[in-house]
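Participant: Please find one structure pasted underneath; my questions will follow.
Every number in this text was worked out from the coordinates using simple rules, so none of it is lab data. No experiment lies behind these values; they were computed from the predicted model shown. All Cβ positions, even for glycine, are placed from backbone atoms using ideal geometry, and neighbour counts span all protein chains on display.
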Amino acid sequence: MDQVLNMWKDWRLHILVFAIVIVTEFIGIHELKIGPGVILLLPMLYAVIIGIGLYFTPLVKEKQSINAEPLVFISVTLLVAKFGVQAGPALPQLIEAGWALVLQELGNLGTIFLALPVAIYLGLKRESIGMTHSIGREPNLALITDKYGLSSPEGRGVMAIYIFGTVFGSIFMGLASGLLATITPLHPYSFAMATGIGSGSMTAASLGPLVAAFPDKAEMITAFSGASNLLTSVTGLYASIFIGLPLTEKLYKVMTKRKKENPTNSTKVV
């Protein structure tokens, strides 16, 4: 109980966070055009970079670092609650989408089959479970924190991917969206649906180039993108709970077991 009270009484931490919010909101949103793509610089990106930078200054003590950890979980919990409130009015859309929505969500599970073997090969342990079970956004951060704790190897893994996605995910999505929309024959609405991956910053970054490339369809593209992101935000958490995380755990055990049984494939007796 005393630890909780001390956390809320840590005025240095609260003032630093408030100052970061003020600075990042003052900077605002900026766009950098690179060919057909657009890099969208959002306040969230500035906040992560400033926060990491302040960690290495005398302004942030070990006490603030420790107290900030549970507060991250509280903020993510509020965001997940928001998703739940949004899910109610969207239920007819969820039901109407049917199998198309299920198949769309399976795309997020591709990280398991592509990234998990690479992570294990590089020597990562259980951090790889948090890193690869999903795209590692807010709902997934809350899921891993609730199941394993933020200080666990899985928690460190998902937090690393969350930060990496915040810094580089929007840049990648902005460039990929603009490039693919201009060189492929697919309908703009299909790309609008593809922007909804369950991340507000990545969706905004990939939506900008589409609207710029097809200004006559801007309203419908925005509508499709928003609906897709809402549906993915709602269903993505359940896909991670019932499919993604159990599948990652199972594959991790199988792959690490094989690695232990065959520590080196090159040692042969001649």
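Participant: From the phi angles alone, apply the Karplus equation (6.51, -1.76, 1.60; θ = phi - 60°) to region 209-226 and give each ³J(HN,Hα) in whole Hz, x where the residue is Gly or Pro.
Facilitator: My calculation for region 209-226 gives x, 5, 5, 5, 7, 10, x, 6, 10, 4, 5, 6, 4, 5, 5, 4, 5, x Hz in order.
Participant: On a 26 Å Cα-Cα criterion, which of the cross-link pairs 63/253; 9/125; 63/125; 125/147 come out too long?
Facilitator: 63/253; 9/125; 63/125
Participant: Which order do peptides 175-187, 203-215 fall in by mean Cβ count within 10 Å, highest first?
Facilitator: Put in order of decreasing packing, that is 203-215, 175-187.
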